[in-house]
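The values are calculated or read from the model by the stated rules, or taken from the named source; none is laboratory data. All values reported here derive from a predicted model rather than from experimental measurement. Cβ placement follows ideal geometry from the backbone for every residue including glycine, while neighbour counts extend to all protein chains displayed. Ligands, DNA and RNA are excluded from the accessible area calculation, which covers all protein heavy atoms including side chains. Shrake-Rupley method; radii C 1.70, N 1.55, O 1.52, S 1.80 Å.
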Amino acid sequence: MSNFKKLRQRMVNDQLVARGLHDQTVLNALNAVPREAFTPTNLIESAYRDSPLPIEENQTISQPYIVALMTAALELKSDDRVLEVGTGSGYAAAVLGEICKTVYTIERHKALADTAQVKLKETGYINVQVKHGDGTLGWPEKSPFDAIIVAAGGPEVPQTLKEQLVIGGRMVIPVGKSLKSQKLVRIRRISKDEYKTEDLGGVRFVPLIGAAGWGE
Ligand code: SAM
């Protein structure tokens, strides 16, 4: 067994299961995606560390536990169509691509979107489409989505994203008026105009920058 495979199994047991995460679909997905392929070369030995890691453009690849927690909160089914805002390294998009038929992911930094696209192709995630742009506007041509995951913290939940959910759809997003800490919330679309919001706890994300996020 390769060293990375061993580290990956240990990460799933020690960082996810040990913290009470028991969603087998999500555990299998994190056990399948080679996180080292999405980690900057100079940090490859830290690929399975229990923390976020820096990537280009002053951004981060999220901590494995946070990726797992947010993915589990989306309650995904295999035929779901999912939108991710904040592609970053492409790692979380690959995790979503392990579980779901079609994944759309948007990144505001072109260099990150381009690198993620190459890495997702190299690792075989051909069901993930990457777009360079402002994800707070969603992806109208591909909407509606069964699930939306936002991997950056904004001051409020973008109305445009709420409207791109199917009825019964779920969105997980960090929100808060401070740039330093946010509340992770799950929004469920109950009917055309009704949404239910649940608090999933405190988190700290890089800022969501865009038309319905923070200013540049
Ligand atoms: N999901 C990523 C991964 O697995 O590596 C981690 C994402 S990182 C925590 C957040 C990303 O959101 C950054 O790459 C940042 O550039 C991006 N971002 C921030 N605001 C955005 C926006 N309005 N649209 C698209 N991407 C945005």
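Some points to look at:
- Test: residue in segment 136-149 that is hydrophobic (A, V, I, L, M, F, W, C), within 20 Å of T197 (Cβ to Cβ) and in contact with a helix residue (DSSP H, G or I) (Cβ under 7 Å, 6 or more places away or on another chain): yes
- Considering segment 132-147, the residues that are over 17 Å from the mean Cα position of the chain (by Cα) and in contact (Cβ under 8 Å) with a residue 24 or more places away in the chain include one that is farthest from D114 (Cα to Cα), namely P144.
- Any hit, segment 196-210, residues being touching an Asp or Glu at 6+ places or on another chain (Cβ under 7 Å), assigned to a loop (DSSP other than H, G, I, E, B) and surrounded by 11 or more Cβ atoms within 10 Å (Cβ to Cβ): yes
- Test: N58 is open to solvent by 10 Å² or more (accessible area, probe 1.4 Å) and either within 12 Å of the ligand (Cβ to nearest atom) or among the charged types (D, E, K, R) (or both): yes
- Tally of residues being over 23 Å from P158 (Cβ atoms) and outside any loop (DSSP other than H, G, I, E, B) across segment 41-60: 10
- The condition (being open to solvent by less than 30 Å² (accessible area, probe 1.4 Å) and in contact with a Lys or Arg (Cβ under 9 Å, 6 or more places away or on another chain)) is satisfied by just one residue among A37, A29, A47: A47.
- Failed criterion for R8 (all others in (1) of a type outside the set (A, V, I, L, M, F, W, C); (2) over 29 Å from G154 (Cβ atoms); (3) surrounded by fewer than 20 Cβ atoms within 10 Å (Cβ to Cβ) hold): (3)
- Restricted to strands (runs of 3 or more DSSP E) entirely inside segment 93-186, those with at least 2 residues that are away from the ligand (no atom under 11 Å from the Cβ) and open to solvent by less than 10 Å² (accessible area, probe 1.4 Å) are 145-150, 165-175.
- Residues (part of a helix (DSSP H, G or I) and surrounded by fewer than 18 Cβ atoms within 10 Å (Cβ to Cβ)) located in segment 14-26: D14, V17, A18, R19, Q24, T25
- Count of residues meeting criterion [in contact (Cβ under 8 Å) with a residue 60 or more places away in the chain, among the aliphatic types (A, V, I, L, M) and within 9 Å of the ligand (Cβ to nearest atom)] in segment 71-92: 1
- Matching residues, segment 61-75, being in contact with a strand residue (DSSP E or B) (Cβ under 7 Å, 6 or more places away or on another chain), surrounded by 22 or more Cβ atoms within 10 Å (Cβ to Cβ) and not in a loop (DSSP other than H, G, I, E, B): I61, M70
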